[in-house]
Amino acid sequence: EIYSGMRIDRWIRNNVASLPQSLIEKSLRKGKIKVNNKKQNSSYKLKIGDKIKFFNLSFKEYKNKEPNKKFSPSIKLLKVHENRILENNDDFIVIDKRPGIAVQGGTKSKKNLIDILASSEFFRDTKPFPVHRLDKETSGIMIISKNHNSARLLTTLFRLRKIHKTYLAICHGHISKKKGELKDELIIFENNKKKIEKAITYYRVLSETDSMSFLELKPVTGRKHQLRKQLALTNNPIVGDKKYILSNKKNKSDKDLMLHAYSLKFYINNKKFFYKASPPDAFNKYL
């Protein structure tokens, strides 16, 4: 039940082996991994009762590959991030993420929050499990689990929309209606296939100038780049966004993305958890 709604590729990495995404997708495409005896793509979301079968799946071609090296932080960098931890308990930490640091390592970015925290005293007897995303350029509140049980519970709460997030953003232009709902069908491409995802966000204009608006944003859904895409669609892209921009505003002069995960609220066994973090200096200065 805890895996219901989880993507098949993520389930494989969490429960079978930490395989390259390319190998998982190739195996699904060739029918070496099937769900209920049918081929599925990597974005397939598991349902209760699904049966996953592996057929002649070989990992030999990857055995001789050099394993991905973890990023090793300096003591100074480690302390910088440790000092931003707002909550530490047996199950998770809550950290105020700096802008400009990726959550997980990738081909473009070796320095990442997960590898930094893995070297921390806070994770001495365990390892960090990310349970939600923040873009590299986005600052603010983030939860990172310390064990599988906590990760499963928090992942489920996020999926069921039981964790309520509030963001602050500075965007270009005016929004005529000062309070309302953004409802869009966002287009994404997976395995060269076009997909449409519904995105819902509640917003409120906190203040404005002749050319800017300061917004409070409460996303209901959790799509990739949701807030950035939705505001760009209203012709109000977030200041500093290099990806989703107006054709007549290049955003090149704005160093930082003016998007901050301000607060996060949820309940576990009727106990309320609430965390908030003030925006970084660059955000406040621009504001």
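Pairs to check: Lys45/Lys183; Lys242/Lys271; Lys51/Lys265; Lys179/Lys229; Lys165/Lys285; Lys47/Lys243. Give those whose C-alpha atoms are more than 29 Å from each other in this structure.
Flagged as over cut-off: Lys242/Lys271; Lys51/Lys265; Lys47/Lys243.
Expected output is a single nm value to one decimal: the length gained when fully extending between Arg98 and Asn14, i.e. 0.36 nm times separation in residues minus the C-alpha distance. What is it?
Full extension of this stretch gives 27.5 nm more.
Considering only protein heavy atoms and a 1.4 Å probe, what is the carbon-and-sulfur percentage of the accessible area of the chain?
Carbon-and-sulfur percentage of accessible area, whole number: 48.
Tilt of helix 148-159 relative to the longest C-alpha principal axis of the chain, in degrees (0 to 90, nearest 10)?
Roughly 50 degrees between the two axes.
Run down the aspartates and glutamates and flag those whose C-alpha is under 13 Å from the C-alpha of Lys70, throwing out any fewer than 8 positions away in its chain.
Reachable aspartates and glutamates: Asp115.
What does the C-alpha gyration tensor say about the overall shape of segment 158-199? Classify as rounded when a/c is under 1.5, otherwise prolate if a/b is larger than b/c, or oblate.
Note, shape of segment 158-199 comes out oblate.
Please give the per residue accessible area of segment 107-188, computed with a probe of 1.4 Å over protein heavy atoms only, in Å².
Ligands and nucleic acids excluded, the result is 52 Å² per residue.
So which trypsin sites (Lys or Arg not before Pro) in segment 71-139 are both in a DSSP loop and have at most 12 other Cβ atoms within 10 Å of their Cβ?
Filter output for segment 71-139: Lys108, Arg124.
Using only alpha carbon pairs under 8 Å that are at least six residues apart, calculate the relative contact order of segment 68-193 and give it in whole percent.
Over segment 68-193, the number comes to 22 percent.
Would you calculate the separation in nanometres between label points at Glu216 and Leu57, each defined as 7 Å from the Cα along the Cα-to-beta-carbon direction?
4.6 nm
About the Cα centre of segment 157-271, what is the dipole size in debye to 20, counting +1 per Lys and Arg Cβ and -1 per Asp and Glu Cβ, all else neutral?
500 debye
Which whole-number percentage describes the relative contact order of segment 140-235, with Cα contacts under 8 Å and a sequence gap of 6 or more?
Value for segment 140-235: 28 percent.
Using a cut-off of 12 Å between alpha-carbon atoms, which aspartates and glutamates can reach Lys178, once sequence neighbours fewer than 8 places away in the same chain are excluded?
Counting by Cα, and skipping residues close in sequence, Lys178 has these aspartates and glutamates nearby: Glu208, Glu216.
When the dipole is taken about the Cα centre of the chain, and only Lys, Arg (+1) and Asp, Glu (-1) are charged at their Cβ, what size is it in debye, to the nearest 20?
1180 debye
What spacing in nm lies between the two simple spin-label points modelled at Ser176 and Ile268, each 7 Å away from Cα in the Cβ direction?
My value for the distance between the label points is 4.6 nm.
Which residues make up the longest stretch of the chain clear of chymotrypsin sites (Phe, Trp or Tyr not before Pro) that lie in a DSSP loop with no more than 14 other Cβ atoms within 10 Å, not counting the sites?
After excluding every exposed loop site, the longest remaining stretch is 60-287.
Can you tell me, using C-alpha contacts under 8 Å and at least 6 residues apart, the relative contact order of the chain as a whole percent?
14 percent
The values are calculated or read from the model by the stated rules, or taken from the named source; none is laboratory data. This is a predicted model, so every value here is computed, not measured. A quick note on method: Cβ atoms are made from the backbone with ideal geometry, for glycine too, and the neighbour counts reach across all protein chains shown. Accessible surface areas use protein heavy atoms only, side chains included; no ligands, DNA or RNA. Shrake-Rupley method; radii C 1.70, N 1.55, O 1.52, S 1.80 Å.
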